Amino acid sequence: MPATDGNTGTEVKETMSLLKIHLILVCIWLGLVLVETVIEFAGPHSNENLQRVARYHSLVDGLFELPIVLAVLGTGVTLAWRIWPLENLMLVKVTAGLIAIAANLYCATLVFVRRWSVSNEQTLARLSWHVRFTWIAVPFGLCALWIGLRRSMG
Ligand code: HEM
């Protein structure tokens, strides 16, 4: 569709800029995941520290990460819509990206529930473990990143 416009090139430019926006959003998301990794994994797992972690992480998720992840999803779906039907490698990339996003939304839900359970020591410890466990989805995000970058570099 847009990429086949050979006369004006307008649609192609539009697609290119959406690609750039998608890439920039992905990079911001990556940065936020790194910040959260430090917040979650650094420091002792004492109740006091877990309470602090629960507050900081929910702040980062609510203010920055959720809007960014939804924007990655929105731009990704639009790009996929434009080049539909997807070739096999792109199908793998989109699936990996969707798994990473789903895991992130699940993680955000846990983070908010944990934020409101900070007074319960056992629940706090249990939910903190579950939050850390969702990092298992990071390789899927890296896989989407790798395929996306590989494609964009030709
Ligand atoms: C972890 C999440 C994701 C990462 C790390 C990621 C990464 C990337 C990268 C690096 C590119 C290349 C950008 C460029 O050429 O400048 C790209 C392109 C693209 N992404 Fe994603 N993406 C993610 C999620 C998604 C999702 C969820 C979808 C669809 C539902 C999607 C669909 C696309 C499409 C269709 C393209 C353009 C392919 C093309 O026209 O060559 N992405 N992505």
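The values are calculated or read from the model by the stated rules, or taken from the named source; none is laboratory data. Small disclaimer: the values here were computed from a predicted structure and weren't measured. With ideal geometry, Cβ positions are generated from the backbone for all residues, glycine too; neighbour counts draw on all protein chains shown.
The table below gives the values:
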quantity: Criterion violated by N104 - all others in (1) at pLDDT below 95; (2) closer than 20 Å to I136 by Cα; (3) not acidic (D, E) satisfied; calculated: (1)
quantity: Top-ranked residue of the range 117-147 - restricted to ones that are out of contact with any helix residue (DSSP H, G or I) (no Cβ under 6 Å at 6 or more places or on another chain) and touching a residue at least 60 places away in the same chain (Cβ under 8 Å), ranked as farthest from I101 (Cα to Cα); calculated: A125
quantity: Subset of the range 93-116 (residues that are within 11 Å of the ligand (Cβ to nearest atom) and among the aliphatic types (A, V, I, L, M)); calculated: V94, A96, L98, I99, A100, I101, A102, A103
quantity: Subset tally (residues that are assigned to a helix (DSSP H, G or I), among the polar types (S, T, N, Q) and either over 13 Å from H45 (Cα atoms) or within 10 Å of the ligand (Cβ to nearest atom) (or both)) for the range 117-153; calculated: 3
quantity: Answer from R52, R82 - the residue that is under 20 Å from V111 (Cα atoms) and basic (K, R); calculated: R52
